[in-house]
Every structure is written in C-alpha cells, then in structure tokens.
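J.: Just dropping this structure here.
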Amino acid sequence: MLKGPGKIALVILAAAAASLAVLVPVLAPPARADAEPTSAYAWFDPIIDVQHLVATRYVTDPDMQQLQEAAIRGMLEALGDRYTEYVSPEELAEFNKALQGRYVGIGASVRIDEGWLTIVSPLEDSPAYRAGIMAGDRIIAVDGVSTLGLEIQESIDMLTGEPGQTVVVTVERESDRFDVPIVRRQIVTRTVAGFERMNGDGWNFIIDPESGIGYIRVSQFTGATLDEFESALRGLLDAGLEGLVLDLRFNPGGVLPAATQMADMFLEKGLIVSTRGRSHEEDSVHAVAEGTLPDFPMVVMINRQSASASEIVAGALRDNDRAIVVGSRSFGKGSVQSVVPLPSGRGQLKLTEQHYYGPSGRNINRMDDSAEWGVDPSPGFYVQMSDAEYTEMLRIRREREVIRSNGAERRRRAEASAILDVDDVLKELKDRELTVAVNALRTRLQSGAWAPAEEQRKDAAIELAELRRMQVGRDRLLRELSRVDQRIEALAAAVPEDAIERDRLIPDSATLTGGDIEIRNAEGEVVTTLKITGENLERWLVDAPVEKKEE
C-alpha cells in the first residue's frame, strides 16, 4: 500500500428492538380521540390496529409480507431522503454485490440486442474471457434455456450462481453455433481504467507519452478500488510520470475509506473531510505525511454525475491546493449512510446519519433550497459538455473498452494508436473536458503555472447552467401538464355539464387576473389579502385543503 490504513471509523449503530406480541379483538372498542401516548410502544398502536384489521377482515387474503415492506418503505419515504432505504432479504444479494463490487458468474458485460442476450465485452481475466467468449457473441441459450425475449436481469440471473458450478452457454458467432462450458467463479468488478485497451486485456494509462501525462479513470469506489488504483500508479511512476489526470466523472461514489485513503496518497497534511450529524460528534479525517506520493501536477475531472466519495476526493485535493478541478459542479450527495442489519433478521436499513463537509467547510449535500453544493471546478476551468456530446463521447469510450480476442484486430488498433500523437487521440475521443485537462497539464509542465481555459464569473457559469437545467425540467413538466389538460378536455366533452360543475371550485366564466383572494380565520377576521396574477388559480387549489363553501 502506498498509504497506511484509513483514519476514519464508520460506526454502525443498531437500535435494539424488543418483540411485542399483541392480541387485538376483532371488534376492538374505539380509542379515545384525545388519548395521549403513555410510552414509546404507544406509537405502534395504530399500526398494529390496522395490520390486525386488514389481516382478519379485508375482503381478500392480503400478502402480509408485501404490506409489511410497504409500511417500512412508506415510513422512510416520509423522511424525504432518497438515500435512506430498506433492503429486503430478497434484495440483499444485489445490494451487497453493488456495494462490494463482487459477484459469482462468468464475468462479462452484456446487453439485449434484437431480443437476444449479447456480449458487449468479456471482463479482464474472467472465466468468459478464458473460455474464448468474444465481444459481439450472441448467447442464444443458457443451460439449454433460450434467452430470446428475456429481460436483461433474467438473463444475468441465469449466468450467475455458485462458485465452481459449470454453466453451458450456446454461442452464435456469425454463421457458427456452438456450446461453451464456463466454470463460474467470484468476479471482482474492475473500477480503474485507462483511456484505451492495450493489446489483450490491459489498459493504456499514458495519454501523452511525450509530456509524461498519465490518465486514470475511477468508475466507483469499492473494496478493491484502492489496490487497482495503486497498481496503475506504480506503473505510471515507473514509466516516469510527470502529471496526472484523475477522471471521476460519472462516479457515483461508494466506500468512504477508499476515497479518503486515495486523497491521502496525494496530501502530506490537511483536512480531507469531516462528518456531522445529530447523533454523532463531528469526526474529521486528516492526511498524514507517511507514504505521500511525489508532488507532480494533477487535474481532477468531475461532472454533475460525480457524487459522494468522488466528491470527497475532488474537494480534498482542490481545497488543499493539490490539484485543479476541471469540468462542471458535482452532484451534491454528501450524506453518510450506515448499513444496519435489522435485529429481526428481515433485511437491512441503509440510514443517513451524517453529512459530509469539505476542507473549506462547505456542506457537500444538496438540498432543495441549496444555492451551493458539491464541488466546483477551479476558476477558469468550468467546462460544460452537452448531453449530445456526452452521448457521443461515451459511445466512443465503450468501443475502446471492448476486449477483442481477435489477434489481427488487436494488432491493427495497436498500430493505429502508435502513429497518433496526443492531439490526434484527443480529437478521436471527442471529449472536450479531457482535452482541457490534458492541455492544462501540458501548459503547467511547460510554464510552471496553470493557465485557465477561459475567464469565467462563477455565478455566470455554474449557477446559470444549473438554472437552465431546472428551467428545462420545468418546461418539460409544463408541456406534460398541457397534454394532461388536453386529455381532460376531451374526457370532459363526454361528461354532462352539471356533473362537472358540481366538482368545480371556480366557474369557467370568472375572470380572475387582477382580482383578490381574502383569507379569513375561523372568527371571520381577514388574515391576508392576495392578488391574483393569472387565470389558472383553480389548478393550484385542487390539491389544497379547501372546499367550496355552500351559500
């Protein structure tokens, strides 16, 4: 390891729970409306009442497990926190696979193409790769069961299983069709990549050999990420690394210690991240000098899909002046979740307990009323690629990531890459953000200073871009609302007028714009008067806690 163990302890709190057996009569007497809870258990009383009545008296036999999970998810939904979630026992395997980056299978990325399961690429050193599975192979059957018309997850479930088991896939390659037995084993998802494949299944991490500029992309943070990252760095250092591009775009985060230890590799001292929460004392992670890498120039790339652990790394390196940040403002997922096994054994709870704060003191987490969140690019290095540009860039990236078993194709690509200089490579990649990052490093290595890509006002670049995205989202909602209005009008034409009028709060003939609304309390006193600025008032009153007052 280039660094010692991480300095942060993730404390998982599990609340002890007692089981409570309750017998409720079928016709229980009504509770007093003014009854106050006398203990913590009283909070459960109406839930238990509802559960018992549904279980014993509902018109059909209910699925009690489904009701239980719905009750749990509904309770968590009321928190308004998308990151706090219940993981049922049935979902646990997929949850752990995503968290740890490990699963048992054949090791291949797949997609559905024309209804058939198709190999996008075998993974490095995987059973599929060693069995000769190639990119573009169509898997028409798994253990004799056709894959035609199956959903992608159904096909994946057929390929995964227990380690040591043999699965037989029927491959269709051009005009040939043949069976390939593959022995399943544990697959560790690779999270570290270069900018293109080398001959075979390795990665090219040197994007500018003449300037000695390396490129490492980290797709997420798992338990294996740090070892992969260190291996790539050692290769770059041995090759004479002069500057590094660390690409954290589209990185959704992951395991916190992997992020803090990665940041610590590049920092001799300074705060990496702090965490604060209602039930926790503030905890801080600081860098230590032992094992710190040489102080070469460094660029970190982020975009609005960079979240959580990737924001911690980018923020720590930016705020400690160890690297510049190129791209756009990050996503703003600065919440710390603990995974708590339920004492009942019926699943786990992923619970938000704290928020992340960067070295500058900025709360990374994005709220609905936040004007600032996440990590900003360094001044002059804000680069906003459009969705169309990202789509094309990612298409080219996926093509260059494919592991090709065909020797002639490998040699052709290697020869083509060898004659391209860095500018040709960047042009081929169609990645404006990467071009800015590499050019910034080249200028820094030549002149000793960072030269901003362009002069930018922070508010005119970052906040304006987010404002425009929100405006586009609002416009889409309004267009959908207009389509709903059209459907309502079409249906209303078939309903008698008197039936519609009984449900209307305001007559269609009323002219509202410029009028007033008086809000009175129960005693008839005017609380406030509101000016009406548009004709669509009834639309906003439909879901309000009001009803038409009878004359």
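J.: Select, from Glu210, Glu242, the only residue that is over 27 Å from Thr391 (Cα atoms) and either in contact with a Gly (Cβ under 6 Å, 6 or more places away or on another chain) or at pLDDT 95 or above (or both).
T.: Going through Glu210, Glu242 in turn, just one is over 27 Å from Thr391 (Cα atoms) and either in contact with a Gly (Cβ under 6 Å, 6 or more places away or on another chain) or at pLDDT 95 or above (or both): Glu242.
J.: Is it fair to say Val438 is modelled with pLDDT of 95 or more, part of a helix (DSSP H, G or I), in the same structural domain as Tyr390 (by TED's automatic domain parsing) and more than 11 Å from Phe381 (Cα to Cα)?
T.: yes
J.: Right, another one. If you check Pro46 against the conditions, is it modelled with pLDDT of 50 or more, assigned to a loop (DSSP other than H, G, I, E, B) and over 23 Å from Lys350 (Cα atoms)?
T.: Against the criterion (modelled with pLDDT of 50 or more, assigned to a loop (DSSP other than H, G, I, E, B) and over 23 Å from Lys350 (Cα atoms)), Pro46 does not qualify.
J.: Further, regarding this structure: Among the residues of the range 264-286, write down those that are under 27 Å from the mean Cα position of the chain (by Cα), closer than 17 Å to Gly361 by Cβ and in contact (Cβ under 8 Å) with a residue 24 or more places away in the chain.
T.: Leu271, Ile272, Val273, Ser274, Thr275, Arg276, Gly277, Asp283, Val285, His286
J.: Follow-up. I need the full set of residues from the range 349-366 which are crowded, with 19+ Cβ neighbours inside 10 Å and either touching a residue at least 60 places away in the same chain (Cβ under 8 Å) or of a type in the set (Asp, Glu) (or both), in order please.
T.: Once the filter is applied, which keeps residues that are crowded, with 19+ Cβ neighbours inside 10 Å and either touching a residue at least 60 places away in the same chain (Cβ under 8 Å) or of a type in the set (Asp, Glu) (or both), the range 349-366 yields Leu351, Glu353, Gln354, Tyr356, Tyr357, Gly358, Pro359.
J.: Moving to a separate point now. Of the numbered conditions (1) of a type outside the set (Ser, Thr, Tyr); (2) under 30 Å from Ala71 (Cβ atoms); (3) outside any loop (DSSP other than H, G, I, E, B); (4) under 20 Å from the mean Cα position of the chain (by Cα), Val340 fails exactly one; give the number of that condition.
T.: (4)
J.: With Ala418, Ala388, Ala371, Ala408 as the choices, which residue is assigned by TED's automatic domain parsing to the domain that holds Glu196, at pLDDT 85 or above and surrounded by fewer than 15 Cβ atoms within 10 Å (Cβ to Cβ)?
T.: Ala388
J.: Does the range 240-249 contain at least one residue that is within 13 Å of Met265 (Cβ to Cβ), under 26 Å from the mean Cα position of the chain (by Cα) and in the same structural domain as Asp421 (by TED's automatic domain parsing)?
T.: Yes: the range 240-249 contains one or more residues that are within 13 Å of Met265 (Cβ to Cβ), under 26 Å from the mean Cα position of the chain (by Cα) and in the same structural domain as Asp421 (by TED's automatic domain parsing).
J.: Oh, and also: For the range 105-142, enumerate the residues that are closer than 11 Å to Arg173 by Cβ, over 29 Å from the mean Cα position of the chain (by Cα) and small (Gly, Ala, Ser).
T.: Within the range 105-142, Gly132 is the sole residue that qualifies.
J.: Among strands (runs of 3 or more DSSP E) lying entirely in the range 220-318, which contain 3 or more residues that are surrounded by 21 or more Cβ atoms within 10 Å (Cβ to Cβ)?
T.: By residue number, 243-247, 271-277, 298-302.
J.: Quick one: which strands (runs of 3 or more DSSP E) lie wholly within the range 99-151 and hold at least 1 residues that are at pLDDT 90 or above?
T.: Fully inside the range 99-151 and qualifying: 116-122, 138-142.
J.: Moving on. Taking the range 49-85 only, how many residues are farther than 28 Å from Glu353 by Cβ and outside any helix (DSSP H, G or I)?
T.: Of the residues in that region, 6 qualify.
J.: Oh, and also: Checking Ser338 against (1) under 20 Å from Leu79 (Cβ atoms); (2) crowded, with 23+ Cβ neighbours inside 10 Å, which test does it fail?
T.: Evaluating Ser338 over (1) under 20 Å from Leu79 (Cβ atoms); (2) crowded, with 23+ Cβ neighbours inside 10 Å leaves (2) as the failure.
J.: Name, by its number, the condition in (1) assigned by TED's automatic domain parsing to the domain that holds Gly243; (2) in contact with a helix residue (DSSP H, G or I) (Cβ under 8 Å, 6 or more places away or on another chain); (3) crowded, with 22+ Cβ neighbours inside 10 Å that does not hold for Ile139.
T.: The number of the failed condition is (1).
J.: Right, here's the next one. List, please: which pairs have Cβ atoms under 9 Å, are six or more places apart or on different chains, and start with a residue in the range 465-494 that is at pLDDT below 75 and end with one that is not small (Gly, Ala, Ser) and not in a helix (DSSP H, G or I)?
T.: Close Cβ pairs satisfying both conditions: Ala465/Arg304; Ala465/Arg329; Ala465/Tyr382; Ala465/Gln384; Glu466/Arg304; Glu466/Arg329; Arg469/Arg304.
J.: So which residues in the range 176-203 are in a strand (DSSP E or B) and either under 25 Å from the mean Cα position of the chain (by Cα) or surrounded by 19 or more Cβ atoms within 10 Å (Cβ to Cβ) (or both)?
T.: Listed by number, the residues that qualify are Ile182, Gln186, Ile187, Val188, Val192, Ala193, Glu196, Arg197, Trp203.
J.: I've got another one for you. Please find, within the range 343-371, the residue that is farthest from Leu256 (Cα to Cα) out of those that are in a loop (DSSP other than H, G, I, E, B) and among the acidic types (Asp, Glu).
T.: If we filter the range 343-371 for residues that are in a loop (DSSP other than H, G, I, E, B), which is where we start, we get 343-347, 358-362, 364-371.
Filter again for among the acidic types (Asp, Glu), leaving 368-369.
On the way: Asp368: 24, Asp369: 26 Å.
Among residues in the range 343-371 that are in a loop (DSSP other than H, G, I, E, B) and among the acidic types (Asp, Glu), the one farthest from Leu256 (Cα to Cα) is Asp369.
The values are calculated or read from the model by the stated rules, or taken from the named source; none is laboratory data. Note that the structure is a prediction, hence the values are computed from the model and not measured. Because the Cβ atoms are built from the backbone with ideal geometry, glycine has one as well, and the counts that use them run over all protein chains shown.
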